[in-house]
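Written below as C-alpha cells is the structure these notes are about.
The values are calculated or read from the model by the stated rules, or taken from the named source; none is laboratory data. Treat the numbers as computed from the prediction; the structure is a model and nothing was measured. A quick note on method: Cβ atoms are made from the backbone with ideal geometry, for glycine too, and the neighbour counts reach across all protein chains shown.
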Amino acid sequence: MSEIAKRNAAEAALKLVEPGMVLGLGTGSTAAIFVRLLAERVNHGLKIVGTPTSEATEKLARSLGLRIVAPDELARIDLTIDGADEFDPELNLIKGGGAALLREKIIAEASDRMVVIADAGKEVKALGRFPLPIEINAFGSELTRRRIHHHIASLGLANAPSAWRMATGENLLHTDGGHLILDLSCGVISDPAALAAALGDIPGVVEHGLFIGYASQVIVGEVDGARVVGGR
C-alpha cells in the first residue's frame, strides 16, 4: 500500500509542473517515482529543465531522458519536489535518510517553492521519531560528535544516542560531497528551531536535516488518492 500511496502523492505533485519550469528533483524512493512520472510527461512533449539533489537522482533522470543542468548554471529554481522522512503540522521536516540533506537544502533554499511528497507514515505530531541526520566533515569527526552532545544538553537531549551511518560492510557512509552522516536519536524534538540553531553553531557540522520554513505544502499520498497539508 505504501508504494500506491507514494505514487498517488507523486501524481498529485506532477499537476503543479508547468511548461518551461526549472525543477529541483529530490532524492529518495518517493522522489524517484516523481522523476519517472515526470519523464513520461517529457516524452509526450513537456519542456522542463531539472537540477538534481544527488548523484543517484541525476543518474536516474539522465537515464530517462530528462534535460539536466547543474545548479551553478541557474539563478533560481521555480519548484522543487522532494520527499521527507518526517513532517509536523507546521511543515517542519526531517530529511537526510538518503544522505543527500546538504544538496537537498541548497536546492530547496534556491527554489520559489518546495513541495514535499510523502505517504501518511511520515506525518507526526512532533519531529524526532526518525533519527536526525547530521552531515559532518570527516576532519575531527569524533570531536565534532562530542561537541554536538555538549551543545544539545541544554535542550534536554543530553542522553540522545548517536551513531555513524554505515555503508556496506563495516565502512562508514560518505555523502556525495565526501562527508559523514551522524544519526541523532532525539525522541521528541520540542523546539526544532533551537536545535537547528545549536547545531548550526558547531564547526564541523556541515548541515543538519532539520528543514524549517522550506516546505510550502506537503502532498500526502494515501491508498485512495492524495491530500494537501498547508497551502503556501
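What number of residues within the range 182-196 are in contact with a helix residue (DSSP H, G or I) (Cβ under 8 Å, 6 or more places away or on another chain) and in a strand (DSSP E or B)?
Counting residues in the range 182-196 that are in contact with a helix residue (DSSP H, G or I) (Cβ under 8 Å, 6 or more places away or on another chain) and in a strand (DSSP E or B) gives 2.
For the range 106-153: of the residues being over 23 Å from the mean Cα position of the chain (by Cα) and touching a residue at least 12 places away in the same chain (Cβ under 8 Å), which is nearest to residue 213 (Cα to Cα)?
151
Working carefully through the options 74, 79, 101, find the one that is among the hydrophobic types (A, V, I, L, M, F, W, C), surrounded by fewer than 24 Cβ atoms within 10 Å (Cβ to Cβ) and under 17 Å from residue 30 (Cβ atoms). Spell out how you get there, then give the answer.
Numbers: 74 fails: under 17 Å from residue 30 (Cβ atoms); 101 fails: surrounded by fewer than 24 Cβ atoms within 10 Å (Cβ to Cβ).
None of the other options fit; the residue is 79.
Of 189, 202, which residue is assigned by TED's automatic domain parsing to the domain that holds residue 161, surrounded by fewer than 20 Cβ atoms within 10 Å (Cβ to Cβ) and under 27 Å from residue 159 (Cα atoms)? Give the steps one after another, and end with the answer.
Values: 189 fails: surrounded by fewer than 20 Cβ atoms within 10 Å (Cβ to Cβ).
The match here is 202.
Quick one: would you say residue 147 is modelled with pLDDT of 95 or more, farther than 28 Å from residue 52 by Cα and not polar (S, T, N, Q)? It would help to see each step written out before you state the result.
Working: modelled with pLDDT of 95 or more: yes; farther than 28 Å from residue 52 by Cα: yes; not polar (S, T, N, Q): yes.
It is true that residue 147 is modelled with pLDDT of 95 or more, farther than 28 Å from residue 52 by Cα and not polar (S, T, N, Q).
Taking the residues in the range 106-165 that are among the acidic types (Asp, Glu) and out of contact with any Gly (no Cβ under 6 Å at 6 or more places or on another chain) as candidates, determine which candidate is farthest from residue 95 (Cα to Cα).
My answer is 142.
Restricting to the range 1-37, name every residue that is of a type in the set (Val, Ile, Thr) and closer than 10 Å to residue 83 by Cα.
From the range 1-37, those of a type in the set (Val, Ile, Thr) are 4, 17, 22, 27, 30, 33, 35; that's our starting set.
Within the range 1-37, 27, 30 meet the criteria.
If I ask for residues that are closer than 20 Å to residue 214 by Cβ and hydroxyl-bearing (Ser, Thr, Tyr), which ones from the range 171-189 would you list?
175
Name every residue in the range 185-232 that is under 20 Å from residue 150 (Cβ atoms), of a type in the set (A, V, I, L, M, F, W, C) and either touching a Pro at 6+ places or on another chain (Cβ under 6 Å) or modelled with pLDDT under 95 (or both), in order of residue number.
Listed by number, the list holds a single entry, 210.
Of all residues in the range 88-97 being crowded, with 24+ Cβ neighbours inside 10 Å and not small (Gly, Ala, Ser), which is nearest to residue 53 (Cα to Cα)?
Filtering the range 88-97 for residues that are crowded, with 24+ Cβ neighbours inside 10 Å and not small (Gly, Ala, Ser), the one nearest to residue 53 (Cα to Cα) comes out as 95.
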